[in-house]
Amino acid sequence: MSKIRIALIEDHDLTRVGIRTALLQKDDIEVVGEAANAAEGLKMLKMVQPDIAIVDIGLPDKDGIELTREVKSTANGQQLITKVLILTLRDNKEAVLAAFAAGADSYCMKDIKFDNLLEAIRVTYNGNAWIDPAIARIVLQQAQQNPQKLESTFVNTKTIASNPDYVENLEGIQPYTLTERELEVLQLIVEGCSNAVIAERLYITVGTVKTHVRNILNKLCADDRTQAAVRALRSGLVG
């Protein structure tokens, strides 16, 4: 089994060492590089090309949002495939939305439990967005206030390029395309509930929830739960 190659860009030594030490205990993860500032970090990413860069927003020379923008810009020109997982103490609306607008793939708070960080890493590695429950409400509030703007942040540009009728298809989503149970699950996704919470509320197993979530993503042509929530709000499937 191939390992998930991780790079850490964090200026606080104790935080960086702590994350590295914890990650190295996992057989499916390999830490391939570290940096304490954005300049060293970008150089390191170009050299080792990890699967995921865990980036702190509060770097001393340049904030992690700008670094994320440079990483994604570099990716277009130099075939970097690195995904960016933001790790930060900032949970304000401006920082969250700016990070995603810059191209961040996932967003975690620094007080996240290690098991949840592992989940975030694996979800991100598989090509989906992982958003810390502590800030999910910010994203969903933005979706309710301006769903079209947020949709543009999360939508995969390849989807649009390969499907010119994407917007029209999105507007045409009808409630009857989802079962009653899928609509219940979708409502809880919009509320920011995890699979475990959804299972508890609907008195079903986590495995059943995962099946419903997979069906919902397929029917809404969504890449991840956040995109599904945005599209559900925009199309009026849930309120």
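The values are calculated or read from the model by the stated rules, or taken from the named source; none is laboratory data. Values in this document were obtained by computation on a predicted structure and should not be read as measured data. Counting neighbours? That spans all protein chains shown, and the Cβs are built from the backbone with ideal geometry, glycine included. Side chains included, ligands, DNA and RNA excluded: accessible areas come from the protein's heavy atoms. Shrake-Rupley method; radii C 1.70, N 1.55, O 1.52, S 1.80 Å.
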For Phe114, put the label point 7 Å out on the Cα→Cβ axis and report which residues of the stretch 11-35 keep their amide N under 17 Å from it. 14-31
Let me check something: with ligands and nucleic acids excluded, how do Phe114, Phe100 order by accessible area (1.4 Å probe), largest to smallest? Phe114, Phe100
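Please compare each pair in Lys43/Lys210; Lys46/Lys219; Lys3/Lys46 to a cut-off of 30 Å on the Cα-Cα distance and tell me which ones are over it.
Lys43/Lys210; Lys46/Lys219
Keeping all protein chains in place and using 1.4 angstrom, which order do Tyr203, Tyr107 fall into by accessible surface area, from largest down? Could you put the intermediate results ahead of the total?
Numbers: Tyr203 200, Tyr107 0 Å².
Output order, biggest surface exposure first: Tyr203, Tyr107.
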SASA check, Thr21, accessible area w/ 1.4 Å probe, all protein chains in place, rounded to nearest 10 Å², comes out at 70
Name the lysines eligible as straight-distance cross-link partners of Lys110: C-alpha to C-alpha under 17 Å, and not fewer than 8 places from it in the same chain. Lys93
Using a 1.4 angstrom probe with every protein chain in place, what is the largest-first accessible-area order of Ser106, Ser194, Ser2? Ser2, Ser194, Ser106
For Val84, list long-range residues whose amide hydrogen, built 1.01 Å from N in the peptide plane, is under 5 Å from its own amide hydrogen. Ala53, Asp105, Ser106
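Can you tally the net charge around Ile29? Count Lys and Arg as +1, Asp and Glu as -1, for every other residue whose Cβ sits under 11 Å from the Cβ of Ile29.
Details: positive: Lys3, Arg5, Arg20, Lys26, Arg122; negative: Asp27, Asp28, Glu30, Asp51.
Once positives and negatives cancel, what remains is +1.
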Amide H within-cut-off set for Asp63, under 5 Å, with H built and near neighbours excluded: none
